[in-house]
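Below: one structure, written as structure tokens.
The values are calculated or read from the model by the stated rules, or taken from the named source; none is laboratory data. Just so you know, these numbers come straight off a predicted model, no measurement behind them. Every residue, glycine as well, gets a Cβ built from its backbone with ideal geometry; the counts of neighbours run over all protein chains shown. Side chains are part of the model used for accessible areas, which takes the heavy atoms of the whole protein and leaves out ligands, DNA and RNA. Shrake-Rupley method; radii C 1.70, N 1.55, O 1.52, S 1.80 Å.
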Amino acid sequence: MNETTNGQPARLAGHALVEALIAQGIDTVFGVPGESYLAVLDGFHEHRDKIRFIACRQEGGASFMAEAQGKLTGRPGICFVTRGPGATNASIGLHTAFQDSTPMILFIGQVASDQRDREAFQEVDYRQMFGPGTLGFAKWVAEVHDPHRLPEYISRAFHTALQGRPGPVVLVLPEDMLTQPTRAPVLPRAEAAQAWPAPGALRDLRALLVEAQRPFVIAGGGGWTGEACAALQRFAENWNLPVGCAFRFQDLFDNRHANYAGDVGIGINPKLAARIQEADLVIALGARLGEMTTGGYTLLQAPRPKQKLVHIHAGPEELGRVYAADLLLQSSMGCAAKALETLAAPTIVAWAAWTTAARADYEANLVPQPVAPLDMAEVVKTLSRLCPDAIYTNGAGNYSGWLHRYHRYMGLQHHGRTQLAPTSGAMGYGVPAAVAANLLYPDRTVINIAGDGDFLMTGQELATATGYGAGKGKGKLISVVVDNGTYGTIRMHQEREYPGRVSGSDLFNPDFAALALAYGWTADRVEATAQFEPALQAALERTHPTLLHLRLDADVSTSRTSLSAIRDAARNRQKA
Ligand SMILES: Cc1ncc(C[n+]2csc(CCOP(=O)(O)OP(=O)(O)O)c2C)c(N)n1
């Protein structure tokens, strides 16, 4: 036991943990309580004037809220859950934070040390369950045995979550460790170490740009700030480069800007996909170049793309992971963007018409085909018009395609993050993310769009919103449920692969409006396009949250096609 006190009075380790979080600038945590970490809960009571514990209705919701907190604040989102069942429920938010490169710390209460390895009540070995070897849950998992070293573990957890490729960390807390007294000091706030791109590599990048005829920038990933996004915009302006945003990182570049060319994700504008394939130089800035951003590794062929490829990423493990690039640069996003904006650009570039055409393709893609009676494109356009700078949240499902296609996200330099959406494709993300966003920033209006399948995965967090007074401040909280009576995305895939053979994708729904009322929300039903705007206006005037229940014909599958067209095409293929 090695105790460095710095004059700290003795208190429970559980209290020291809460003090460490406060010192890291955390004023809100999300969780579901458990008997495994009562001493920490007591610490939250002790310091209730500085930090609040938001008690959620399921750990999946709590971990999504913490993930959203990480995305919004740029500091690790904090989640507390109990052992076994709590940890298994929380795994979805952890996985999302990993795939989305979001800083987050999940604290898990653990069985007492003298019970370890007996398969004691709810005992799990979290290093096995979530360890880095799983390639999908956490950057680091540690169990804290010595209460005097708690601050060291917490400081390392913050650094690990923030540095390199940001991501989640798991700290496991044996209950007997938490109840010991400690004089452990409170350590200073962790600031992430920044990595600058090497000057030689920047010269090489400039040489590649000067030689290019059809360059394209894809921005994405974690670790961005408003300042970094502003610098990226200036780089794009200096060199007149077309910029696309990786799947669900659409708010990194101002969608209204003349250099913005669209989002590179599911349901990509086919013209944008073709343009990326035709590019002779792709600069991937912070994007992981995963399956969703590369169109299943077809926009950039793996492992050796046709285009010249420059990949800039904060995590060395991402560089050269899939693609044999022409140039790899390890750098934090802030440093990379600032370095790029200083690259001297020629007065005339060869690709001015290429950039103009990329923008024209994006704008043409904003013009919808009218659909009756309820036109989702018009719904999103109305939301964008009335709530241009709101925080928009969604989970997974075809319904999100309208939002991604028609809403014009602003860059982070304007209002911070305005898109909370899981690149992990986790259903159920949008409701808790919206609740967290509004609780953290009561002056910001938050709009959740959810499918009927998606909504009910975490819909019980409406109670959390009501309980903690969400939507009562200047900012409104609105959930738009798009009810088509089916797990529509899966139905779409079924019709394409096994036309007419529907199984397992029908939904039997509650009355969503009545459900919302039961949670203390107001609700409205919308069956036709014209009803949406007045319903939204009324919601924006209320001082508590509103659910808008939209009924959509199941045949309206995506913003580009219908289920019947997909089925007919599949049948014709089978006949041919
Ligand atoms: C937690 C989770 N479970 C299952 C899936 C697979 N999945 C992807 S989309 C989808 C259906 C979504 O249905 P809904 O929310 O009703 O939206 P729609 O596709 O009908 O617009 C399913 C089941 C997933 N992505 N995440």
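Quick notes on this structure:
- In sequence order, region 369-379 has phi-based couplings of 8, x, 10, 10, x, 10, 9, 5, 4, 5, 4 Hz under the Karplus curve 6.51 cos²θ - 1.76 cosθ + 1.60, θ = phi - 60°, and Gly or Pro positions carry x.
- Reachable aspartates and glutamates from residue 476, criterion Cα separation under 17 angstrom, eight or more residues apart if same chain: 389, 443, 461, 524, 533, 541
- Helix-derived mean residue ellipticity, 222 nm - over the chain, DSSP H n ≥ 4, -39500 (n - 2.57), to 500: -11000 deg cm²/dmol
- Shape category assigned to region 27-119 from the gyration tensor of Cα positions, a/c cut at 1.5: oblate
- Mean Cβ count within 10 Å, highest first, over the residues of peptides 157-164, 468-475, 505-512: 157-164, 468-475, 505-512
- Amide H contacts of residue 262 (H built 1.01 Å from N, under 5 Å, at least 5 apart or other chain): 245
- Each Lys and Arg Cβ is given +1 and each Asp and Glu Cβ -1; about its Cα centre, region 348-410 then shows a dipole of about 60 debye.
- By definition, a body whose alpha carbon gyration tensor gives a ≥ b ≥ c is oblate when a/c is 1.5 or more and a/b is not larger than b/c, and the chain fits this oblate description.
- Prolate/oblate/rounded label for region 157-229 (Cα gyration tensor, a/c 1.5): prolate
- Of 453, 475, 522, farthest towards positive along the dipole that unit charges on Lys, Arg, Asp, Glu beta carbons give region 420-576: 453
- Percent of Cα pairs exceeding the 24 Å cut-off, where the set is region 388-505: 29
- Long-range amide H partners of residue 321 with built H, under 5 Å: none
- Amide hydrogen neighbours beyond the local backbone of residue 308, cut-off 5 Å, H modeled: 281, 282
- Listed residue (559, 508, 539) projecting farthest to the positive dipole end of region 491-576, Cβ model: 559
- Student exercise, the chain dipole from Lys, Arg, Asp, Glu Cβ charges, in Debye to nearest 20: 1240
- For the chain, the fraction of 1.4 Å probe accessible surface lying on carbon and sulfur atoms is 52 percent.
- Summed side-chain charge close to residue 321 - residues other than residue 321 whose Cβ falls under 14 Å, Lys, Arg +1, Asp, Glu -1: 0
- Shown in residue order for region 449-459 are the 3J(HN,Hα) couplings computed by the Karplus curve 6.51 cos²θ - 1.76 cosθ + 1.60 at θ = phi - 60°: 10, 9, x, 5, x, 4, 4, 6, 5, 9, x Hz (x for Gly and Pro).
- Summed over the residues of region 473-576 and divided among them, the accessible surface reaches 50 Å² per residue at a probe radius of 1.4 Å.
- Accessible area (Å², per residue) of region 88-181, counting only protein heavy atoms and a probe of 1.4 Å: 37
- Packing-based order for 12-25, 440-453, 110-123, using average beta carbon neighbours within 10 Å, highest first: 440-453, 12-25, 110-123
- Solvent exposure of region 297-435, expressed per residue, is 35 Å² of accessible area, with all protein chains present and a 1.4 angstrom probe.
- Charging the Cβ of each Asp and Glu at -1 and of each Lys and Arg at +1, and nothing else, the dipole of region 232-372 about its Cα centre rounds to 120 debye.
- Selected from 427, 269, 249, residue furthest toward positive end of dipole (the chain; charges at beta carbon): 269
- Taken as Cα centroids, region 511-559 and region 300-372 sit 38 Å apart, rounded to the nearest whole angstrom.
- Listed residue pairs exceeding 31 Å between alpha carbons, taken from 139/271; 271/308; 50/139; 71/381: 139/271
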